1. Place a +1 charge on the Cβ of each Lys and Arg in the range 11-72 and a -1 charge on the Cβ of each Asp and Glu, then give the dipole magnitude about the Cα centre in debye, rounded to the nearest 20.
2. Beta carbons within 10 angstrom, averaged per residue: use that to sort the peptides 171-183, 216-228, 77-89, highest first.
3. So which lysines can Lys186 reach, going by Cα to Cα under 29 Å and dropping same-chain residues fewer than 8 places off?
4. Quick one: how many Å² of Trp238 are accessible to a 1.4 Å probe, rounded to 10?
5. With every protein chain present, what is the per residue accessible area of the chain (1.4 Å probe, Å²)?
6. Which aspartates and glutamates have a Cα lying under 17 Å from the Cα of Lys247, excluding residues fewer than 8 positions away in the same chain?
7. Rounded, prolate or oblate: which fits the chain, taking a ≥ b ≥ c as square roots of the Cα gyration tensor eigenvalues, rounded meaning a/c under 1.5, else prolate when a/b beats b/c?
8. So if R0 is 22 Å, what FRET efficiency would Gln237 and Glu293 give, r being the distance between their Cβ atoms, rounded to the nearest 0.05?
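The values are calculated or read from the model by the stated rules, or taken from the named source; none is laboratory data. Bear in mind that the values here come from a model prediction, so they are computed numbers and not experimental data. Heads up, the Cβs are rebuilt from the backbone with ideal geometry, glycines too, and the neighbour counts pull from every protein chain shown. Surface areas here come from the heavy atoms of the whole protein model, side chains and all, with no ligands, DNA or RNA. Shrake-Rupley method; radii C 1.70, N 1.55, O 1.52, S 1.80 Å.
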Amino acid sequence: MGMLQGLTAATFTPFDEKGNLKLGIVDDYVEYLIRSGINALYVCGTTGEGVNMTVSERQQVAEAFIRAVNDRIPVVVQVGANSLVDCRELAAHAESVGATAVSANAPSYFRIDSTKILADCMTEIAAAAPKTPFYYYHIPSFTGVSVDMTEFLTLMETQSPQFAGIKYTDTKVFAYQEAITYNNGKYEILWGCDEMLLAGLVVGGKGGVGSTYGLAPALYRKILDAWDKNDLETARQWQRRSWEMVKVLLRYGHILPTQKAVMKMLGFDFGTSRLPITPLKSDAESQIRADLEKIGFFNW
């Protein structure tokens, strides 16, 4: 069984109204996720706004989640940044405080235009945590890096002993399937599009990483349970509900403040997001609640 099968929740980072870290709620948040059937955590990723934090802040967040989990489920710490020096520092720190794995997105200011350069960057980051598995975070819609993942796997296989797989956040299901089957399924390729989880399962995926898994864990457990029972029709119905939810989340501007507003409705106040992420309008929260009630979200 792979290390990150099932549902890996991309965690939110709590800030106060001034944008400072507010880590006191991490313990309760982690308990909620574990009770809800989440199988692993992905910390300081896109959902966790890792790139909007300093190195020190990211280290504090990683420590808080690892401490709260206390070895009960895997914790993956995302260490990607434009500076590989920062990435290496974050990776080494994650290993030193007990992260199960580290992960990194591609640098994105000086654009990577070849698979070899991407592999070299990821190899350098992974080597900073030599005893810890490493997952590349493939998210071309944010980084602009869209190289061939099979070619990338071939390079990483030969040059990075820490390399364990890919967090694949793209909609090219055919390319995802090709990566899954590389070298008889040697690597864990984690599906990263929540509203298309079923598509990832159909082509051979064993689980995914997503922000909405923490918003509606029961919904995604129903998809997985139906899939395990070969009940494709039920799985389709719940996947459709996932898309209805995501459509609401996309309706009010940047998705992160909307997701944080929903988490507040569920009892977890993660505060604001830092610029350049724009806040919700003053009347948005009541509208979001009404939209979610309309689709039955709070009954899921």
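1. Details: 6 positive and 9 negative charges, 22 e Å.
The dipole magnitude comes to about 100 debye.
2. Numbers: 171-183: 16.4, 216-228: 18.7, 77-89: 21.2.
So the peptides 171-183, 216-228, 77-89, ranked by packing, come out 77-89, 216-228, 171-183.
3. Partners within reach: Lys116, Lys131, Lys167, Lys172, Lys206, Lys222, Lys229.
4. 40 Å²
5. Numbers: 12960 Å² over 300 residues.
Computed with neighbouring chains in place, this is 43 Å² per residue.
6. Asp194, Glu195, Glu285, Asp291, Glu293
7. Working: a/c = 1.59, a/b = 1.19, b/c = 1.33.
Because a/c hits 1.5 or more and a/b fails to exceed b/c, the chain counts as oblate.
8. 0.70
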